[in-house]
Amino acid sequence: MATWVFKSRTHNQSCWITNGRAYSSAPRNASQNCGGIFDIAGKQERLTALDARTAEPGFWDQREAAQEVVQETKLLKTWIDPFDAIEARVRSAVELDEMLRESPDAEMLADLDSELESIVQALASFELRSLLRGPDDFGDAQVEIAAGAGGTEAQDWAEMLMRMYTRWAERRGFSVEILDRSEGEEAGIKGAVLEIHGDHAYGFLKPEAGVHRLVRISPFDSNARRHTSFASIFVYPVVNEEINIEIREEDLRIDVYRASGAGGQHVNKTSSAVRITHVPTGMVTASQQERSQYKNKATAMKMLKNKLYQAEVERREAEKAKVDASKTSVSFGNQIRSYVFQPYTMVNDHRTELKIPDVQKVMDGGIDPFIEAYLKMQAEQGAS
């Protein structure tokens, strides 16, 4: 019986595949399934609990809360279903291995080796996903591309980067929507905004934010001189336009009092006016226009929701402004990555020092090694 080992570099664990099972340590001493590296058991337990909630009577009575449960359920399944598929492939591979031990077949053995390599790659991809833990990492991404100074040269480079990210998305089965595109003066683009839809698109593309530098013999220079061009990439999470404002009853202090007219006279003999204080934020709203306490309370609640909504919008805008302020100058010395076409070919990530000589493969969307290296570097720095 073959024993296969998948080494987890970021989690400092090994995943041993043997006897149709995947373990996180040597099988002789192991009892923990490899799913423990990714907390699959915990995710499955949470999914079971959410499924039970969806089966409860009146589940959809609170629509916003129900939608959150549905969204979390979908997210959990994006982890559980692929892992189950990998384990099923492992079991099939082990069965084939047992059969080949009894009846050797060179062609089928080659197929088994190929499948094993594919399983290891699938596990490696799964491991990489486990590094994406940000609140927006699982969602779609908005990629903003802007040409730096340099006219046509930089604008052509910006379009090359746009194609690179489009090809990357297509390789993963993601969809790409062009939200904005500003054509260059002679060639290329001044800028573009892409919205990339796919599982963990934002989490994977976050490391691409920064200045990208191109070195090549310019096709626009009649003297065939070497030129250096720059373009900036920035990545935003795509958020739901409907900001969910949750107001918990325990966060409210509701006071009722008699409505006052001109000169402080009471206009109602009953306590119909309502004042609502949102304790966590200190926001206060009040209504006394109606004779009905119920209507005044509804009006005050609507006013409070509007206030909280605006506060949430301002908070998000402030976060976006903070992120925008982190943009560096699109010029030499600020680049995160250099793409050299001449006099030699090399793509060099200056953060991780990963170098890939096949520049054409990278420009055709092969940026995963850079993304992986950066995410692992971040994970290691966070663990230290």
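The values are calculated or read from the model by the stated rules, or taken from the named source; none is laboratory data. Since this is a predicted model, take the numbers as computed values, not measurements. Counting neighbours? That spans all protein chains shown, and the Cβs are built from the backbone with ideal geometry, glycine included.
Out of the range 178-189, which residues are out of contact with any Phe, Trp or Tyr (no Cβ under 9 Å at 6 or more places or on another chain) and modelled with pLDDT of 90 or more?
I189
Pairs only if they're at least six apart or on different chains, beta carbon under 6 angstrom, first in the range 127-151 and under 14 Å from L161 (Cβ atoms), second of a type outside the set (D, E) and assigned to a loop (DSSP other than H, G, I, E, B); list them, first residue then second.
G148/V330
Would you please name the residue that is modelled with the lowest pLDDT, looking only at residues in the range 42-59 that are of a type in the set (A, V, I, L, M, F, W, C) and surrounded by 13 or more Cβ atoms within 10 Å (Cβ to Cβ)?
At the first step, the residues of the range 42-59 found to be of a type in the set (A, V, I, L, M, F, W, C) are 47, 49-50, 52, 55, 59.
Going one step further and asking which of them are surrounded by 13 or more Cβ atoms within 10 Å (Cβ to Cβ), we end up with 47, 50, 59.
Numbers: L47: 93, L50: 92, F59: 88.
So the residue we want is F59.
So is L205 at pLDDT 90 or above, surrounded by 14 or more Cβ atoms within 10 Å (Cβ to Cβ) and either of a type in the set (K, R) or not in a strand (DSSP E or B) (or both) or not?
Here the answer is yes, as L205 does meet what is asked.
Here are some conditions: (1) farther than 25 Å from P207 by Cβ; (2) in contact (Cβ under 8 Å) with a residue 12 or more places away in the chain; (3) surrounded by 13 or more Cβ atoms within 10 Å (Cβ to Cβ). R101 meets all but one. Which one does it not meet?
R101 satisfies every listed condition except (3).
Does the range 142-191 hold any residues that are in a loop (DSSP other than H, G, I, E, B) and either of a type outside the set (K, R) or closer than 28 Å to D221 by Cβ (or both), and which are they?
Going through the range 142-191, the residues in a loop (DSSP other than H, G, I, E, B) turn out to be 148-151, 172-174, 184-188.
Of everything in the range 142-191, those that are in a loop (DSSP other than H, G, I, E, B) and either of a type outside the set (K, R) or closer than 28 Å to D221 by Cβ (or both) turn out to be G148, A149, G150, G151, G173, F174, G184, E185, E186, A187, G188.
Among what's in the range 113-130 and is aliphatic (A, V, I, L, M) and crowded, with 18+ Cβ neighbours inside 10 Å, pick the residue that is farthest from K206 (Cα to Cα).
Initially, the range 113-130 is screened for residues aliphatic (A, V, I, L, M), giving 116, 119-120, 122-124, 128.
Those still in the list that are crowded, with 18+ Cβ neighbours inside 10 Å too: 116, 119, 123, 128.
Values: L116: 31, I119: 26, L123: 22, L128: 14 Å.
Filtering first and then ranking leaves L116.
Out of the residues in the range 133-149 that are over 12 Å from the mean Cα position of the chain (by Cα) and surrounded by fewer than 19 Cβ atoms within 10 Å (Cβ to Cβ), which is modelled with the highest pLDDT?
E144
Quick one: count up the residues across the range 151-173 that are buried (at least 20 other Cβ atoms within 10 Å of the Cβ) and of a type outside the set (A, V, I, L, M).
Within the range 151-173, residues that are buried (at least 20 other Cβ atoms within 10 Å of the Cβ) and of a type outside the set (A, V, I, L, M) number 7.
Table: residues versus (1) acidic (D, E); (2) part of a strand (DSSP E or B); (3) modelled with pLDDT of 95 or more.
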residue: R316; (1), (2), (3): no, no, no
residue: K320; (1), (2), (3): no, no, no
residue: K327; (1), (2), (3): no, no, no
residue: F332; (1), (2), (3): no, no, no
residue: R337; (1), (2), (3): no, yes, yes
residue: V347; (1), (2), (3): no, yes, yes
residue: F370; (1), (2), (3): no, no, yes
residue: L375; (1), (2), (3): no, no, no
residue: E380; (1), (2), (3): yes, no, no
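Check off (1) modelled with pLDDT under 90; (2) in contact with a Lys or Arg (Cβ under 6 Å, 6 or more places away or on another chain) for G365 and give me the number that stays unchecked.
For G365, the failing item is (1).
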